[in-house]
Amino acid sequence: MQQAGTVLLDDLTHAAAIGPFDAARHLNRFRRALRLLEDRLKTHPPDLVILVDFGDFNLPFVAPLVKRYRVPIVYYISPQIWAWGRWRLRYIRRYVDRMIVFFPFERDFYQRAGVAVTWVGHPLVEMARPSMSPEVARERFGVNPWRRTVGLLPGSRADEVRRHLPLMLKAAEQATWHMPGLQWLLPRAPSISRADLDTHLLRARVDVRIAEGSIYDTLQLMESALVASGTATLEAALCEVPMVVIYRTSWPTYFAARAVVRIPHIALVNVVAERAVVPELIQHRAQPKRIAEELIRLLRDDELAARTKADLRAVRMRLGEPARPADLPLTMAWAGGERDRRTGGAVDRAASTVLEHL
């Protein structure tokens with residue numbers, strides 16, 4: 001958003017947290033952000049407020065504050081209240097004028113709840129394209145074309161990398177013992193410093209290459225991957241990369257989630273498919289031996305790999321229509337009159353919905 005020209009009053013990306021116990025560490029940051037927002041609402045009230053994800057903060061705190069100043073609210077990227085915390089629906093009914101959602105099951109959920117909702121599809125559908133050929137990517141990232149490449153995607157938050165990367169590296173060591181020709185490719189998320197990765201990789205006993213740049217340039221090289229649960233599972237699915245999904249969080253957060261989560265899967269790729277198309281190993285089930293076993297199955301069983309890729313193609317179809325050049329482009333106004341390749345895709349559909357509320 002900052003790169004697109006947005007002026008930031010505060011930056012909460014470093015306070016990103018998963019679960020109430022993790023968020024408690026950043027209470028002072030959140031209080032400061034609310035004070036800054038209220039000052040802005042008093043002195044420069046906007047025509048519209050767009051809330052993005054972060055339901056535990058936006059719904060009980062930001063939305064009531066905004067409505068106090070009678071500003072309409074559009075909510076972009078739904079909190080996962082379909083999975084847990086359905087009591088939060090009362091905030092959405094009371095304060096949100098329009099939900100903009102990525103998944104068709106979210107549209108159905110809000111329609112049943114009587115909430116105004118627009119399904120735009122997932123913007124990743126337009127983004128999931130490599131910027132270079134596999135040959136150029138292999139040369140850039142130092143990948144040997146004669147060896148099988150497995151991806152490591154430990155997450156985009158420092159805490160996720162701390163919990164997942166050592167686990168993935170131990171699993172990689174065990175898998176490499178059984179399949180010595182494997183090489184490992186780790187695309188660095190922009191929010192993760194090289195130092196955060198090197199701390200763990202210096203102790204690794206496997207060949208891991210860190211890749212800088214677009215994740216889709218690296219995904220096209222992966223025969224399989226170990227992926228932390230999150231958006232990365234959809235990115236891998238869009239590139240038809242069979243994967244083993246893992247996740248670990250703090251034990252208080254895990255037990256709290258177990259008490260309230262109402263869906264059978266947590267990996268987004270399985271949630272969208274509405275069934276288990278890839279294995280997911282969560283918390284105590286995420287052990288190096290088990291992770292390595294599931295990965296080796298994907299690498300050795302050609303029928304399983306082909307079936308998984310077919311399932312991932314079906315997931316892609318559920319994420320919405322890609323952009324079509326013939327569609328009327330909102331992006332023409334943004335790009336100085338030039339037709340943008342994203343025309344008619346999820347980005348333009350979301351922008352159109354926002355403009356209707358101005």
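The values are calculated or read from the model by the stated rules, or taken from the named source; none is laboratory data. The structure displayed is predicted, hence computed values, not measured ones. So basically every Cβ, Gly included, is an ideal-geometry build from the backbone, and we count neighbours across all protein chains shown.
Here are the numbers:
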{"item": "Matching residues in the stretch 176-217 - criterion: being assigned to a helix (DSSP H, G or I), touching a Pro at 6+ places or on another chain (Cβ under 9 Å) and over 18 Å from Cys239 (Cβ atoms)", "result": "Leu197, His200"}
{"item": "Residue in the stretch 52-64 that is in a loop (DSSP other than H, G, I, E, B) and small (Gly, Ala, Ser) present", "result": "no"}
{"item": "Tabulated pairs, the stretch 253-269, first closer than 16 Å to Pro279 by Cα, second among the hydrophobic types (A, V, I, L, M, F, W, C) and modelled with pLDDT under 75, C-beta under 9 angstrom, 6+ apart or interchain", "result": "Ile263/Trp84"}
{"item": "Criterion: over 19 Å from Gln287 (Cα atoms), at pLDDT 95 or above and buried (at least 22 other Cβ atoms within 10 Å of the Cβ) - qualifying residue of Leu185, Leu165, Leu226", "result": "Leu185"}
{"item": "Qualifying residue in the stretch 325-333 (condition: within 26 Å of Ala236 (Cβ to Cβ) and modelled with pLDDT under 90)", "result": "no"}
{"item": "Selection status of Val208, closer than 23 Å to Lys289 by Cα and surrounded by 24 or more Cβ atoms within 10 Å (Cβ to Cβ)", "result": "no"}
{"item": "Tally of residues being touching a strand residue (DSSP E or B) at 6+ places or on another chain (Cβ under 6 Å) and under 16 Å from Ala346 (Cβ atoms) across the stretch 71-103", "result": "9"}
